[in-house]
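Participant: Mind looking over this structure? Questions follow.
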Amino acid sequence: MRKISVGLAALGVAASLTLAACSSGTPTASGSAGGDSGAKPYIAIVSKGFQHQFWQAVKSGAESKAKELNVDITFEGPAAETEVEAQMTMLQAALAKKPAALGFAALDSKAAASVLQQFKDANIPVIAFDSGVDSDIPLTTAATDNKAAAAEAAKHMCELIGSKGTVGMIVHDQVSKSGTDRRDGFIEGMKANCPDVKLLDPQYGSGDQAKSADIAKSMIQANPDIAGIFGSNEGSAIGAVKGVQEAGDAAKNVKLVGFDSGQAQIDAINSGVMAGAITQNPVGMGEALVQAAVDAINGKTLPKTIDTGFYWYDKTNIDDPKIQAVLYK
Amino acid sequence: MSSPDTSAPETAGRSWIGGLRNQVQQLFAFLGLILIFIVFSIAQPQVFPTYSNITGNILFSAVVIGLLSLGATLIIITGGIDLSVGTGMTLCAVMAATFMVTWHLPVWLGLILTLLFGALLGFVNGTNVAILGLPPFIATLAMMLVAQGLALVISNAAPIYFDATGAHAAFIWLSTGNLIPGVKFPNAVLVFLLAAVVAYVLLNKTLLGRYDISIGSNVEATALSGIDTRKWLIIIYATAGLFTALGGIMISARLGSAQPATGAGYELQAIAAVVIGGTSLSGGKGTIVGTVIGALIIAVINNGLQIMSVRQEWQNVILGLVILIVVFIDQFRSRRLASS
């Protein structure tokens, strides 16, 4: 028994240490198979990670565009969208690989400033996507106009609740631009469209579904007349759905407005639990990002921002091919 | 299996004082819980102390961390620590989904296999600690990273959804179902209470519990009295793994899916619950009741602050302060006891 356990344990430890030596992100290389990979430009893409399926959709858009344009990409990110420092480490690692260009979705719009400067000093063009960076270094930002998108969500929320009552917000964070823009955009949209509605202070759930569900239930508990809840990203919105379901009768009239898609949100809209959501165009964002990187490598000038678009979708238009194309599971 | 008498006169005296200390510890923790509850009730009398808030919100939100902290208690009493309960929970959730969704196994079989998988993770931890002599911090830290990576690899970084209305309805029912007719009482809380009873019996009425405390108090003396401490450490870590697996089962039953990117950070909350409940990080003493109270204190604070719309950031500050106060009071009383 002892020899077997020692052997097992040794194997366990060896495996632990080997795997632990790899970073917590799971980088994947893609691009055309075979050929001389030294001749193909390599674009390093550091996204916000794997907490939401949104990023897988961006990745698939990036991969297909990379194949079309015959470039190599790696697409990686930290395990959770709170791991700002891990993302900084990935940036440094990407710099060491001397890519032809960098694609970057900032978890913290200010933290990366010094690392990005190193990219600029090495003449590596930087393309920002999803969340912009507070800096002039990125040649362009391929993103959704998050403020406008959230304002659109607010407009629909006002319609859904009849412009009266109390509305709560579950925001994913206040450190990334997507978090702050969506929060501010929603608040401005509510003020513009239904100023008499009482808007609760935003609560932050880090995009964790269980935490967001608990927050939703606390909001419903504290405000029995709550008319609507807005979830500012996939995890927050799905958490809000779970919270409303768990609260049962107390929440049966709450109108939920979400952001992005994912299987659970799509199901919630189809079943009626969620009234509707704003979807971005993640596949389009991935394509635009790689296209912009290649254009930058080839010396073309780029517009300051590339608006990848957003759409409101609900039960009435979810089967529209235009909407289906931008939804992801 | 020989069972030598570990209660030599010296340890008998120590265990009596230990028993008294545990009682006082639990009392203090309980009073703390009541105090915090009263404070929030005064602040929000219409909303906070209601049946639906207590059962549906507070108790319900304490379930997952509570389950993780039950296993962590057993390990911390040995003088060790388990940093892998958070990501281990996530990996077990992914495995539960793999068994039931990807491999289409029936729910009961999937549950058993998931529990066994959790025990396996604990077994590896225990072997690394007991046989290879790795410090528990390092051994479980490595496991934490391995589990985090494996969860992403096995699930392909995508959530795995259960068939909530069809094949896996029973699984979902474990969390959000309502076994007790007439009253609204989520099953998840029943599962947690049942697990707490099991943990209590393990710690207080079985050899595993006795040796757990004995190893934590003085591992050399325990070994010298003929007990195979290495074997028992492995058993204790494996048992803790069962609770981690149960945590993974309950969180994925609640969410209706296995979320492979969550879990990191849950271990700190579990350890906080154990510490707030009065279990000493240096080992040798601790109670399940204290841990349950600690988990409830955290849940009450989170719920109260959310209801009062206090900014999220303050929740962690307050939790940290609570831990400091609890540990300080414990140290203060231990020193007074020692000097008297």
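Participant: Starting from the Cα of residue B:205, draw a straight line to each of the lysines and keep only those under 24 Å, dropping any in the same chain fewer than 8 residues away.
Facilitator: B:231, B:285
Participant: Right, next: Roughly how tilted is helix A:282-297, in degrees to the nearest 10 and between 0 and 90, from the longest Cα axis of chain A?
Facilitator: Result, in degrees: 40.
Participant: Rounded to the nearest 5, what % of the DSSP beta bridges within the protein assembly as shown are antiparallel ones?
Facilitator: Counting only bridges with both partners in the protein assembly as shown, antiparallel ones make up about 20 percent.
Participant: Another question about this same structure. Springs between alpha-carbon atoms under 10 Å, Gaussian network over chain B: tell me which of B:269, B:259, B:46 tops the mean-square fluctuations.
Facilitator: In the Gaussian network model the winner is B:46.
Participant: For residue A:65, go through the lysines and keep the ones whose alpha-carbon is under 23 Å away, minus same-chain ones fewer than eight residues off.
Facilitator: Output for residue A:65: A:40, A:48, A:97, A:98, A:300, A:304, A:322, A:329.
Participant: Restricting to chain A, compute how many DSSP beta bridges are antiparallel as a %, nearest 5.
Facilitator: Antiparallel bridges make up about 20 percent of those DSSP assigns within chain A.
Participant: Using the Cβ atoms and a cut-off under 10 Å, what net charge is assigned to the surroundings of residue A:311, where Lys and Arg are +1 and Asp and Glu are -1?
Facilitator: -1
Participant: Quick check: net charge around residue B:240, other residues with Cβ under 13 Å of its Cβ, Lys/Arg +1 and Asp/Glu -1?
Facilitator: -3
Participant: Here's a follow-up. Could you work out the percent of alpha carbon pairs in the range A:84-201 separated by over 22 Å, rounded to a whole number?
Facilitator: Counting pairs separated by more than 22 Å, the tail of P(r) holds 44 percent.
Participant: Continuing with this model, one more query. Which residue, B:309, B:214, B:155, has the most motion in a Gaussian network model of chain B that connects Cα atoms within less than 10 Å?
Facilitator: Of the options given, B:309 has the highest mean-square fluctuation.
Participant: With axes computed from alpha carbons, what is the tilt in degrees of helix A:209-222 against the longest principal axis of chain A, rounded to the nearest 10 within 0 to 90?
Facilitator: Tilt of helix A:209-222: around 20 degrees.
Participant: What number, rounded to the nearest 500 deg cm²/dmol, is the helix-based mean residue ellipticity at 222 nm of the protein assembly as shown, given -39500 (n - 2.57) per DSSP H run of at least four residues and division by all its residues?
Facilitator: Result for the protein assembly as shown, helices only: -19500 deg cm²/dmol.
Participant: Considering only A:291, A:87, A:118, give the residue with the highest GNM mean-square fluctuation for chain A, with springs between Cα atoms whenever their separation is below 10 Å.
Facilitator: A:118
Participant: Counting only Cα atoms, I'd like the Rg/Rh figure for the range A:146-279, Kirkwood definition for Rh.
Facilitator: Value, to two decimals: 0.92.
Participant: Taking H as built 1.01 Å from N, whose amide H comes closer than 5 Å to the amide H of residue A:305, not counting residues under 5 places away?
Facilitator: The answer is A:141.
Participant: Could you pull out every one of the lysines with an alpha carbon less than 16 Å from that of residue A:242, ignoring same-chain neighbours closer than 8 positions?
Facilitator: Result set, ordered by chain and number: A:211, A:217, A:252, A:255.
Participant: Something else about it: Find, among the trypsin sites (Lys or Arg not before Pro) in the range A:161-220, those assigned to loop by DSSP (not H, G, I, E, B) with at most 15 other beta-carbon atoms within 10 angstrom. Spell out each step's value before the answer.
Facilitator: Values: sites: A:164, A:177, A:182, A:183, A:191, A:198, A:211, A:217; in loops: A:164.
Within the range A:161-220, the qualifying trypsin sites (Lys or Arg not before Pro) (loop, at most 15 other Cβ atoms within 10 Å) are A:164.
Participant: State the volume of the convex hull built on the alpha-carbon positions of the protein assembly as shown, expressed per residue in Å³ and rounded to an integer.
Facilitator: Expressed per residue, the convex hull around the Cα atoms of the protein assembly as shown is 169 Å³.
Participant: Taking only the alpha carbons of chain A, what extent do you get along each of the three principal axes, in Å, biggest first?
Facilitator: 68, 61, 38
Participant: So for A:322, A:315, A:67, fewest C-beta neighbours within 10 Å to most, what's the order?
Facilitator: Fewest-to-most ranking of A:322, A:315, A:67: A:322, A:315, A:67.
Participant: Report, to the nearest 10°, how far helix A:84-96 tilts away from the longest principal axis of the Cα atoms in chain A, using its own Cα long axis and a range of 0 to 90°.
Facilitator: So the helix axis and the longest Cα principal axis differ by about 30 degrees.
Participant: How large is the translational diffusion coefficient of the range B:18-339 in µm² per second when you combine the Kirkwood radius over alpha carbon pairs with Stokes-Einstein at 25 °C and 0.890 mPa s?
Facilitator: For the chosen part, D equals 123 µm²/s.
Participant: I would also like to ask the following. What is the average number of partner chain Cβ atoms found within 10 Å of a Cβ in B:146-154?
Facilitator: Working: counts 8, 2, 5, 9, 2, 2, 6, 2, 0.
Across B:146-154, the average partner-chain Cβ count within 10 Å equals 4.
Read-outs: derived from the displayed coordinates by stated rules, not from any lab. Please read these numbers as outputs of a predicted model, since none were measured by experiment. Every residue, glycine among them, receives a Cβ derived from its backbone with ideal geometry; neighbour counts consider all protein chains shown.
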